[in-house]
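Beneath this line is the structure, given in structure tokens, with notes to follow.
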Amino acid sequence: MSNFRNKLISFMYGRYGMDALYGALLTVSVVLAVINIFADSWILSTVGTVVLVYAIFRCFSKNHAARRKENEVWLKIWTPVGKWFGGLIMRLRDIRTRRYRRCPSCKATLRLPIKRGKHYVKCPKCRAEFQVRIVL
Ligand SMILES: [Zn+2]
């Protein structure tokens, strides 16, 4: 068992390993495989397999500079999308108790307790005071 472990360690030495793009590719591959259970399409199967092979290729690659560059491009695309989804999930979770409003001067998003009607709010970030109207 120790021999196998040493061989695995020596095989993985210098390999790129896993990163955010690897996780995304693996997720896409699994999602395509699950959809393909119902759709039974050779196109989905082929695309899922290609994505999986690319993810494994990236994991075992020794060209760190190229893999890092790909991951940076992926993160540049994914980070704003992930933040938007995170904000959406937070808003849905708090829909019964909180309302979200944007500060007109510093554009920060404020999480306000539900207090119906017009009232003034002071932004904790820039100290600007502005009027908000909460209907529902
Ligand atoms: Zn502000």
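Bear in mind these aren't lab numbers, they're just calculated from the coordinates by the rules spelled out. This structure is a prediction, so every number in the text was calculated from the model and none was measured. Here the Cβ positions follow ideal geometry from the backbone for every residue, glycine too, while neighbour counts run over all protein chains shown.
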Give me the pairs: first residue in segment 95-107 and closer than 14 Å to P124 by Cα, second residue aromatic (F, W, Y) and within 16 Å of the ligand (Cβ to nearest atom), beta-carbon distance under 8 Å, and six or more apart or on different chains, which are they?
-> C103/F130; P104/F130; S105/F130
Taking only pairs six or more apart or across chains, which ones have beta-carbon atoms under 9 Å, a first residue in segment 65-80 that is under 13 Å from L25 (Cβ atoms), and a second residue that is surrounded by 11 or more Cβ atoms within 10 Å (Cβ to Cβ) and of a type in the set (K, R)?
-> R67/R58; E70/R58; N71/R58
Consider P124 carefully, then state whether it is within 29 Å of the chain's Cα centre (by Cα), exposed (fewer than 12 other Cβ atoms within 10 Å of the Cβ) and within 16 Å of the ligand (Cβ to nearest atom).
-> yes
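Suppose the filter is without any contact (Cβ under 8 Å) to a residue 12 or more places away in the chain and under 21 Å from R15 (Cβ atoms); does V50 pass it? Walk me through it before giving the result.
On the way: without any contact (Cβ under 8 Å) to a residue 12 or more places away in the chain: yes; under 21 Å from R15 (Cβ atoms): yes.
Yes, satisfied.
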Matching residues in segment 77-121 - criterion: being among the hydrophobic types (A, V, I, L, M, F, W, C) and within 16 Å of the ligand (Cβ to nearest atom) | C103, C106, A108, L110, L112, V121
Note on segment 127-136: residues loosely packed, with under 11 Cβ neighbours inside 10 Å, assigned to a loop (DSSP other than H, G, I, E, B) and within 16 Å of the ligand (Cβ to nearest atom) are R127
